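See below for the structure under consideration.
The values are calculated or read from the model by the stated rules, or taken from the named source; none is laboratory data. On a predicted model such as this, the values are computed, not experimentally measured, just so you know. All Cβ positions, even for glycine, are placed from backbone atoms using ideal geometry, and neighbour counts span all protein chains on display. Heads up: the accessible areas ignore ligands, DNA and RNA and are worked out on the full protein's heavy atoms, side chains in. Shrake-Rupley method; radii C 1.70, N 1.55, O 1.52, S 1.80 Å.
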Amino acid sequence: MTATATRPAPPARPRRETRSRRNREMLVLLLPALVPVLLFSVGPLLYGISLAFTDAKAGRNRDTGFVGLENFGRLLADEMFWQSMQVGLIWAVSVTVLQFLASLGLALLLNERLRLRSLARVLALVPWAMPPVVIGLMWRLVYHPDAGIVNSTLGTDINWLADFAWALPAVIVMGVWSGMPQTTVVLLAGLQNVPRELYEAGAMDGAGTWRRFWNITLPQLRPIIVAITSLDFVWNFNQFSLVYVLTQGGPGGRTRLPMLFAYEEAFDYGFFGYAAALGVVMVIIILALLGVYLWRQLREAS
């Protein structure tokens, strides 16, 4: 018998050294993504928070001093702030609910085996591909009191964007239309993942279309519905460009969203510290909403 030489096993590296090296490698890979986030997101956020506690105003060679919570106290006593918050909540809730209902109906339709279904799906994404400025300008033409398609179709002569009663509903319709594509895509993806066997079993049990929708489709889509409606509400509450291009917050503040109010205070009147305080309040509200959303997600997962 011939003895075969066995190669000695290499010495095992300490587990702590291997983990440390792995962490360094992960950090190097994450740096290209972390640096822009720190420079363009975290940095301006921290600067804005610090600005909220000062009396910063527009103008050269103007001294900026620390004022503590004075800006926040001024916000609590500002009727225009509360009006903008009320308008923002009406806008965000209305657009989110109507957008979800319309997107769900469109997703159910696009999920059926229709002729030219692929073309219909592409057309449903058209608002998603349009810049907000273009959408705002287009809807200004739609609502034009003399040559707009709305008045021509309805046979009315309403100045939709200047009327105190109709300005906010008109803006809400535009918000629903512009935000439908992403919600429709998410819901359509969820519908395509619902097992067909569930519908077949429901049909064999004698369940009609409405009953299958209520007992099968909605429960299967529930996690997706919670996620997309929560995100839509945050996006809509933070909306600025669409409404600014369409109405600039008018008439008389009827469409002035919180972000529009902050923009006016900062760039129209030069109260940078006061506008930053409003931004901090918005961040707190959004973090609270995201906290409720994450809490619900974790509770459902557990």
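In region 262-284, what residues are touching a residue at least 24 places away in the same chain (Cβ under 8 Å), within 18 Å of the chain's Cα centre (by Cα) and surrounded by fewer than 16 Cβ atoms within 10 Å (Cβ to Cβ)?
Result: Val283, single match.
Looking at region 92-122, which of the residues that are over 25 Å from the mean Cα position of the chain (by Cα) and assigned to a helix (DSSP H, G or I) is surrounded by the most Cβ atoms within 10 Å (Cβ to Cβ)?
For region 92-122, the residue satisfying everything is Arg117.
In region 148-172, which residues are open to solvent by less than 70 Å² (accessible area, probe 1.4 Å) and part of a helix (DSSP H, G or I)?
Across region 148-172, the qualifying residues are Val150, Asn151, Ala167, Leu168, Pro169, Ala170, Val171, Ile172.
Being under 18 Å from Val173 (Cα atoms) and in contact (Cβ under 8 Å) with a residue 12 or more places away in the chain: is that true of Val243 here?
Judged against the criteria, Val243 is a match.
With the structure loaded, tell me whether Val171 is within 24 Å of the chain's Cα centre (by Cα), of a type in the set (Val, Ile, Thr) and more than 18 Å from Gly105 (Cβ to Cβ) or whether it fails that test.
yes
Is it true that some residue in region 206-216 is buried (at least 19 other Cβ atoms within 10 Å of the Cβ) and not in a helix (DSSP H, G or I)?
No, region 206-216 contains no residue that is buried (at least 19 other Cβ atoms within 10 Å of the Cβ) and not in a helix (DSSP H, G or I).
Do we have any residue at all in region 197-208 that's out of contact with any Leu (no Cβ under 9 Å at 6 or more places or on another chain), in contact (Cβ under 8 Å) with a residue 60 or more places away in the chain and not hydroxyl-bearing (Ser, Thr, Tyr)?
No: region 197-208 contains no residue that is out of contact with any Leu (no Cβ under 9 Å at 6 or more places or on another chain), in contact (Cβ under 8 Å) with a residue 60 or more places away in the chain and not hydroxyl-bearing (Ser, Thr, Tyr).
Select from region 44-78 the residues that are in a loop (DSSP other than H, G, I, E, B), of a type in the set (A, V, I, L, M, F, W, C) and over 26 Å from the mean Cα position of the chain (by Cα) and write down the one among them that is nearest to Ala266 (Cα to Cα).
Among residues in region 44-78 that are in a loop (DSSP other than H, G, I, E, B), of a type in the set (A, V, I, L, M, F, W, C) and over 26 Å from the mean Cα position of the chain (by Cα), the one nearest to Ala266 (Cα to Cα) is Ala58.
So which pairs qualify, if the first residue must be in region 166-187 and farther than 13 Å from Leu101 by Cα, the second must be small (Gly, Ala, Ser) and open to solvent by 20 Å² or more (accessible area, probe 1.4 Å), the Cβ gap must be under 7 Å, and the two must be at least 6 apart or on different chains?
Ile172/Ser94
Before we move on, is Ser94 modelled with pLDDT of 90 or more, polar (S, T, N, Q) and over 15 Å from Thr184 (Cβ atoms)?
yes
Is it the case that some residue within region 281-302 is within 17 Å of Val176 (Cα to Cα) and among the polar types (S, T, N, Q)?
Among the residues of region 281-302, not one is within 17 Å of Val176 (Cα to Cα) and among the polar types (S, T, N, Q), which makes the answer no.
Looking at region 79-91, which of its residues are under 30 Å from Pro181 (Cβ atoms) and either of a type outside the set (Phe, Trp, Tyr) or over 16 Å from the mean Cα position of the chain (by Cα) (or both)?
Once the filter is applied, which keeps residues that are under 30 Å from Pro181 (Cβ atoms) and either of a type outside the set (Phe, Trp, Tyr) or over 16 Å from the mean Cα position of the chain (by Cα) (or both), region 79-91 yields Ser84, Met85, Gln86, Val87, Gly88, Leu89, Ile90.
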